[in-house]
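Undergrad: One structure coming up, written as structure tokens, with questions to follow.
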Amino acid sequence: MNRAVWFLVTVYVSVPVILYLFPCILGHIIFAHLLRFPFSADLGRPEDVVNHTRNFYLNPEEGISVGVWHTLPASQWEDAAGKSPEWHRETLGDGRPVIIYLHGNAGTRAMKHRVALVKILSEAGYHILSLDYRGYGDSSGEPSEAGMTRDALYLYQWVKTQNRGSLVCIWGHSLGSGVATNAAVKLQEQGSDADALILEGPFTRIGDVVITHPVAKMYTFLPGFESLLWSILETNDLVFANDQNLKVLTSPLLILHSEDDNIVPYHMGQKLHQISLQTQKEQNTDVHVEMVSYSAHLGFSHSSIYLDPNLSNVVRGFLQKLIQ
Ligand SMILES: *[C@@H]1O[C@H](CO)[C@@H](O)[C@H](O)[C@H]1NC(C)=O
Ligand SMILES: *[C@@H]1O[C@H](CO)[C@@H](O)[C@H](O)[C@H]1NC(C)=O
């Protein structure tokens, strides 16, 4: 009995010590890129899970290759049969909006809820580019906040060289929301706002999610634990500061958040909405900022907003405002 108690106390106390000594563990927990769900998927064969989709690779920097699926608007799938990679790439210039989908942590671009969303957006008439950041899926390298942001930025800029001026929207889910706003800030710094941003289940900053995790909650009453966690996150460049980013971003924004989100609390989406409205007011822009909330009884939680039968109308309504 006595021994068991001592064992538990030791385990309990050693967690903060281990995190302090090996901060990369926290990175592994946040990125969870080694969990390559679904393990059975062959990322080189998107046709196993989604039609009219081509797999290809880009090199955002020397030695880094990232995997991307390009899903065509569903209306084009008959034309697409047997066509070359060049044909597929050229369809990006057909005037239809292009959505860059930045997924959340863990798993690959073949995960079920990701593919389900891609199918809905394809049915709605959009091109979708679904990216596995460096270190995820069959992409090389190791994930980092700066590296993942570079991958997304590179993909956006690559699309802009292919699409002959059509609208490019960056869609970030969960951890991907942090990548999305980081990339949008970089674009804005380079002098061209991102055409549109959609953030699904976004957090204020990643540390706010880490702190509210049940495991972290067991420790938050230990003096100094919270500040230790924040300092580990910051010194290891794990910030993903959506709240800070939205204080400067003047891109049109749509936030989707479910009230029963069990991973990223709903109030974080609301906070971001308020920040962005405030930014547009201060900057005196007429940029469209919108939030769509899903009632808890729908049970969409963190990853199932794609189940909303009205989702394509919501996205179409948002994007159409930008095209006119
Ligand atoms: C591809 O489209 C065909 C014809 O509509 C359909 O029968 C099939 O289930 C689709 N495959 C996938 C993986 O969605
Ligand atoms: C569906 O979305 C559109 C566009 O946002 C909205 O105007 C409409 O009220 C929604 N319909 C339902 C049933 O929620």
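Undergrad: Scan the range 251-266 and tell me whether some residue there is at pLDDT 95 or above, surrounded by 21 or more Cβ atoms within 10 Å (Cβ to Cβ), away from ligand 2 (no atom under 16 Å from the Cβ) and over 23 Å from Thr212 (Cα atoms).
TA: So far as the range 251-266 goes, yes, one or more of its residues are at pLDDT 95 or above, surrounded by 21 or more Cβ atoms within 10 Å (Cβ to Cβ), away from ligand 2 (no atom under 16 Å from the Cβ) and over 23 Å from Thr212 (Cα atoms).
Undergrad: Follow-up. Would you confirm whether or not the range 187-200 contains a residue that is under 25 Å from Ser293 (Cα atoms), touching a strand residue (DSSP E or B) at 6+ places or on another chain (Cβ under 7 Å), among the aliphatic types (A, V, I, L, M) and in a helix (DSSP H, G or I)? Step through it out loud before you land on a result.
TA: As a first pass, look at the range 187-200 and keep what is under 25 Å from Ser293 (Cα atoms): 194-200.
After this cut, where a residue has to be touching a strand residue (DSSP E or B) at 6+ places or on another chain (Cβ under 7 Å) as well, the list is 194-200.
Narrowing the set further to residues that are among the aliphatic types (A, V, I, L, M) leaves 194, 196-199.
Filter once more, keeping what is in a helix (DSSP H, G or I): none.
No, there is no match, as no residue in the range 187-200 is under 25 Å from Ser293 (Cα atoms), touching a strand residue (DSSP E or B) at 6+ places or on another chain (Cβ under 7 Å), among the aliphatic types (A, V, I, L, M) and in a helix (DSSP H, G or I).
Conditions (1) touching a strand residue (DSSP E or B) at 6+ places or on another chain (Cβ under 6 Å); (2) under 30 Å from Trp77 (Cβ atoms); (3) within 16 Å of ligand 1 (Cβ to nearest atom), marked per residue:
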| site | (1), (2), (3) |
| --- | --- |
| Val9 | no, no, no |
| Tyr12 | no, no, no |
| Tyr20 | no, no, no |
| Leu26 | no, no, no |
| Ile29 | no, no, no |
| His33 | no, no, no |
| Arg36 | no, yes, no |
| Leu43 | yes, yes, yes |
| Val49 | no, yes, yes |
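Undergrad: State yes or no: is Leu249 closer than 23 Å to His28 by Cβ and part of a loop (DSSP other than H, G, I, E, B)?
TA: Spelling it out, it is not the case that Leu249 is closer than 23 Å to His28 by Cβ and part of a loop (DSSP other than H, G, I, E, B).
Undergrad: Further question on the same structure: Might you let me know whether the range 153-160 holds any residue that is part of a loop (DSSP other than H, G, I, E, B) and without any contact (Cβ under 8 Å) to a residue 40 or more places away in the chain?
TA: From the range 153-160, those part of a loop (DSSP other than H, G, I, E, B) are none; that's our starting set.
So far as the range 153-160 goes, no, none of its residues is part of a loop (DSSP other than H, G, I, E, B) and without any contact (Cβ under 8 Å) to a residue 40 or more places away in the chain.
Undergrad: Take Tyr266 and decide whether it is assigned by TED's automatic domain parsing to the domain that holds Ser177, within 16 Å of ligand 1 (Cβ to nearest atom) and not basic (Lys, Arg). Don't jump to the end; show me each part of the working.
TA: On the way: assigned by TED's automatic domain parsing to the domain that holds Ser177: yes; within 16 Å of ligand 1 (Cβ to nearest atom): no; not basic (Lys, Arg): yes.
Answer is no for this residue.
Undergrad: Could you tell me how many of the residues in the range 313-324 are within 9 Å of ligand 2 (Cβ to nearest atom) and either modelled with pLDDT under 95 or of a type outside the set (Val, Ile, Thr) (or both)? Explain how you work it out, then say what you get.
TA: Here is the first cut: in the range 313-324, the residues within 9 Å of ligand 2 (Cβ to nearest atom) are 313-318.
Next, from what is left, pick out any that are either modelled with pLDDT under 95 or of a type outside the set (Val, Ile, Thr) (or both): 313, 316-318.
Total meeting the criteria: 4.
Undergrad: Follow-up question, since we're still on this one. Say we look at the range 1-28 and pick out the residues that are within 26 Å of the chain's Cα centre (by Cα) and in contact (Cβ under 8 Å) with a residue 12 or more places away in the chain; which of these is surrounded by the most Cβ atoms within 10 Å (Cβ to Cβ)?
TA: That would be Gly27.
Undergrad: Looking only at residues in the range 271-307 that are of a type in the set (S, T, N, Q) and within 16 Å of Ser174 (Cβ to Cβ), which one is farthest from ligand 1 (Cβ to nearest atom)? I'd like the intermediate steps shown before the answer.
TA: Of the range 271-307, the ones of a type in the set (S, T, N, Q) are 274, 276, 278-280, 283-285, 293, 295, 301, 303-304.
Checking which are within 16 Å of Ser174 (Cβ to Cβ) leaves us with 301, 303-304.
Working: Ser301: 24, Ser303: 20, Ser304: 19 Å.
Here the answer is Ser301.
Undergrad: Another question, if that's okay. Is it the case that Val314 is surrounded by 14 or more Cβ atoms within 10 Å (Cβ to Cβ), closer than 26 Å to Val118 by Cβ, under 18 Å from the mean Cα position of the chain (by Cα) and among the aliphatic types (A, V, I, L, M)?
TA: Numbers: surrounded by 14 or more Cβ atoms within 10 Å (Cβ to Cβ): yes; closer than 26 Å to Val118 by Cβ: yes; under 18 Å from the mean Cα position of the chain (by Cα): no; among the aliphatic types (A, V, I, L, M): yes.
So Val314 fails the test.
Undergrad: Related question: Please work out which residue is farthest from Ser304 (Cα to Cα), limiting yourself to the range 106-149 and to residues that are within 16 Å of ligand 2 (Cβ to nearest atom) and surrounded by fewer than 23 Cβ atoms within 10 Å (Cβ to Cβ).
TA: Gly125
Undergrad: Next question. I'd like to verify a number: residues in the range 3-54 that are assigned to a helix (DSSP H, G or I) and closer than 13 Å to Gly137 by Cβ, how many? Please lay out each step first, then the result.
TA: Filtering the range 3-54 down to residues assigned to a helix (DSSP H, G or I) leaves 3-21, 24-31, 46-48.
Add one more test, that the residue is closer than 13 Å to Gly137 by Cβ, and what stays is 31, 46.
Here the count works out to 2.
Undergrad: Return a yes/no flag: does the range 53-61 have any residue that is under 19 Å from the mean Cα position of the chain (by Cα), buried (at least 18 other Cβ atoms within 10 Å of the Cβ), touching a residue at least 40 places away in the same chain (Cβ under 8 Å) and closer than 20 Å to Ser174 by Cβ.
TA: No: zero hits.
Undergrad: Kindly provide the set of residues from the range 285-312 that are free of Cβ contacts under 8 Å to residues at least 40 places away in the same chain, away from ligand 2 (no atom under 15 Å from the Cβ) and closer than 23 Å to Ala241 by Cα, ordered by number.
TA: Within the range 285-312, Thr285, Val287 qualify.
Undergrad: What is the residue count in the range 57-114 for residues that are of a type in the set (A, V, I, L, M), within 20 Å of Asp195 (Cβ to Cβ) and part of a strand (DSSP E or B)?
TA: From the range 57-114, those of a type in the set (A, V, I, L, M) are 58, 64, 66, 68, 72, 74, 80-81, 92, 98-100, 102, 106, 110-111; that's our starting set.
Okay, now just the ones that are also within 20 Å of Asp195 (Cβ to Cβ), so 58, 68, 72, 92, 98-100, 102.
Next, from what is left, pick out any that are part of a strand (DSSP E or B): 58, 68, 98-100, 102.
Selection size over the range 57-114: 6.
The values are calculated or read from the model by the stated rules, or taken from the named source; none is laboratory data. Bear in mind the structure is a predicted one, so any value in this text is a computation, not a measurement. Don't worry about glycine lacking a Cβ; one is built from the backbone with ideal geometry, like all the others, and counts go over all protein chains shown.
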